[in-house]
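Undergrad: Handing you this structure, nothing more for now.
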Amino acid sequence: MGIISTLFIGLLVGLVARFVKPGDDSMGWIKTILFGIGGSIAATYGGQALGLYQAGEGAGFLGSVVGAVVLLLVAGKLSSKS
């Protein structure tokens, strides 16, 4: 999968992760989408490097959503302590 398709999937993942993540989300849409792109990139290259799935499999999208939700939770915890 190319970087452009990974970024596009990241946009979709960010939107899905925002609805999946429990609790009130005080960060903006752009920041959430950037976390989706980060989760998508981490899941795409990390999952393929670990041999969990191949490029283009549905597990990549699910992994991206999980990665984005984890990033959103970590960012929420870090921002609440500040």
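Undergrad: Any residue in the range 69-82 that's under 15 Å from Trp29 (Cα atoms): show its pairings with residues that are at pLDDT below 80 and exposed (fewer than 10 other Cβ atoms within 10 Å of the Cβ) at Cβ separation under 8 Å, as long as the two are six or more apart or on different chains.
TA: From the range 69-82, the pairs are Gly76/Gly23.
Undergrad: For the range 68-76, state whether one or more residues are over 10 Å from the mean Cα position of the chain (by Cα), outside any helix (DSSP H, G or I) and surrounded by fewer than 13 Cβ atoms within 10 Å (Cβ to Cβ).
TA: Checked against the condition, which is being over 10 Å from the mean Cα position of the chain (by Cα), outside any helix (DSSP H, G or I) and surrounded by fewer than 13 Cβ atoms within 10 Å (Cβ to Cβ), the range 68-76 yields no hits at all.
Undergrad: What's the number of the condition Ala49 fails, among (1) modelled with pLDDT of 80 or more; (2) closer than 15 Å to Leu12 by Cα; (3) not acidic (Asp, Glu)?
TA: For Ala49, the failing item is (2).
The values are calculated or read from the model by the stated rules, or taken from the named source; none is laboratory data. The shown structure was predicted, so the numbers you read here are calculated from the model rather than taken from an experiment. No Cβ is skipped: glycine too gets one built from the backbone with ideal geometry, and neighbour counts run over all protein chains shown.
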